[in-house]
Amino acid sequence: MMEQNTVQPHRSQEPTRSSGLLAFLWRRNIVSDVVQGIIVGGVLAFITFQIIAQTYVTKVNGWTTMLGCGQPGAGILMRGVCGDIFPGPINVPQEAMYWHTNKDDAGQTLSGHHDYIMHFPAGQLPPNDAFWSLTMGDTKNRFVPNPINRYSVSDRSGLLPNADGAVDIYIQNAAPAGHEFNWLPAPSGNFILRLRVYLPGSAILDGKYKVPPVVETR
Amino acid sequence: MKHKHLIIFGSVMVVAWVAGTFLFIFFWPHLVSNHFKRAILVKGFGDGPVPINTLYTESQKLFAEPLHTSLPHGSSNLATVGVNHDTLLTGGWLDLSKGPLVLHVPDFFGRYYSVQFTDPFDDDFAYVGTRTTGTQAGDYFITGPDWKGQVPSGMKQISSPDNSVLVLGRILVYSDSDLPTAYNLAKQIRLTPRGN
């Protein structure tokens, strides 16, 4: 009761009695100054964090990756950035490297409305001592239904090389006639591609290996 | 003072901006780690919560039919997002404050696998597996930062910087027909308290 009595006269001096968000934004007192300062500062801090993280990302042929995550002693900044770009218990680079993209080589968003090819020249499949895979995900990072229940193509999926030894991967919604073995089924809408290379070769770890671009063909 | 409110708002904002940026950088990996801790210890991956100091192996059905396997309400979807169709996952959360644990791995006969040990700030401080220890069977003695004593003979020590540890195993699956073999091997990765 004492408290109410002391607060009441102060309230009555306020120019308006409207409540809600607008009133909170416009009413000026020390509490609202501080609260708004914390909220706006917090949002700016999050944006700054994202911008810093992006400067650590490596982009090659439209693919996004990052070297040096998961390693103890890499520093607080590196650790924070890795947690943002790869939100999970990510492997150290010697164990596995990861790339992802939702854009083709021209910067257009990947979509099942178009057909794409990833062309690996002869001998240029990702070097590794364990396995590699290219996995299809929808925009929410989930598997994509398809008539042949194929969610990825990989070193184990029976890809057929061309006559010159190169390997083309057909990324599209409808089956590519004559190239079914090399078909990675896409959804009808937008999608994300994920490339994994486990026990990556030295060409990957020293940054010399370039993941081929995803090229639109239709 | 004419611009009192603007000055208060402005200075609080700048302080929150600078401090917040540092806090995000420092604590973000910990928030991510906590998300996984909760997924393991509270939600589980289809068979209820995974008790502390035990490992749970992703079901063969979930691996083979990721689109058609529905997890019970309240389960974590962490095993179904991230579109991994290469490795079976096995994982758990350790508490080493009550004493060391022993990780047993079977002979993987040259198959690729890894067991990753990650601290609550997302640093991978140790690995058991093809790259680091080879694919033969072995027993690993996992100790917390405060542990002192003798490592049992025949075991290698894995020294954790923290009593809280995320353990994540990945076992390569060669093909659909190989899935039962891979699963059987994954299930043989076991955690036991010291001495058992």
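Checking each residue in segment B:117-135 for being within 10 Å of chain A (Cβ to nearest Cβ) and either modelled with pLDDT of 95 or more or not in a loop (DSSP other than H, G, I, E, B) (or both) picks out B:117, B:118, B:124, B:125, B:126, B:127, B:129, B:130, B:131, B:132.
Here residue B:83 fulfils each of the conditions (1) in a loop (DSSP other than H, G, I, E, B); (2) more than 8 Å from chain A (Cβ to nearest Cβ); (3) surrounded by 14 or more Cβ atoms within 10 Å (Cβ to Cβ) apart from (2).
Of the residues examined, residue B:78 is not one that is within 10 Å of chain A (Cβ to nearest Cβ), more than 24 Å from residue B:176 (Cα to Cα) and surrounded by fewer than 18 Cβ atoms within 10 Å (Cβ to Cβ).
For residue B:50, state whether it is of a type in the set (A, V, I, L, M, F, W, C) and more than 8 Å from every other protein chain (Cβ to nearest Cβ).
yes
In segment A:79-107, the residues that are more than 10 Å from chain B (Cβ to nearest Cβ) and of a type in the set (A, V, I, L, M) reach residues that are assigned to a helix (DSSP H, G or I) and buried (at least 22 other Cβ atoms within 10 Å of the Cβ) with C-beta atoms within less than 8 angstrom, at least six apart or across chains, in these pairs: A:97/A:204.
Pairs meeting the criteria (first residue in segment A:130-148 and in contact (Cβ under 8 Å) with a residue 12 or more places away in the chain and more than 26 Å from residue A:93 (Cβ to Cβ), second residue among the charged types (D, E, K, R) and surrounded by fewer than 20 Cβ atoms within 10 Å (Cβ to Cβ), beta carbons under 6 Å, at least 6 apart or on different chains) are A:144/A:138. If you go through segment B:86-116 and pick out every residue that is outside any strand (DSSP E or B) and of a type in the set (Ser, Thr, Tyr), you end up with 2. Regarding residue B:63, is this residue of a type in the set (A, V, I, L, M, F, W, C), under 12 Å from the mean Cα position of the chain (by Cα) and part of a helix (DSSP H, G or I)? No. Taking the numbered list (1) in contact with a Ser or Thr (Cβ under 7 Å, 6 or more places away or on another chain); (2) surrounded by 16 or more Cβ atoms within 10 Å (Cβ to Cβ); (3) farther than 30 Å from residue A:195 by Cβ in turn, residue B:141 passes all entries but (1). Could you list, in sequence order, all residues of segment A:72-112 that are assigned to a helix (DSSP H, G or I) and touching a Cys at 6+ places or on another chain (Cβ under 6 Å)? Correct list: A:82 only. Number of residues in segment B:147-184 that are of a type outside the set (S, T, N, Q) and part of a loop (DSSP other than H, G, I, E, B) equals 11. Among residues that are more than 17 Å from the chain's Cα centre (by Cα), touching a residue at least 24 places away in the same chain (Cβ under 8 Å) and either surrounded by 14 or more Cβ atoms within 10 Å (Cβ to Cβ) or within 14 Å of another protein chain (Cβ to nearest Cβ) (or both), residue B:183 is included.
The values are calculated or read from the model by the stated rules, or taken from the named source; none is laboratory data. Values in this document were obtained by computation on a predicted structure and should not be read as measured data. No Cβ is skipped: glycine too gets one built from the backbone with ideal geometry, and neighbour counts run over all protein chains shown.
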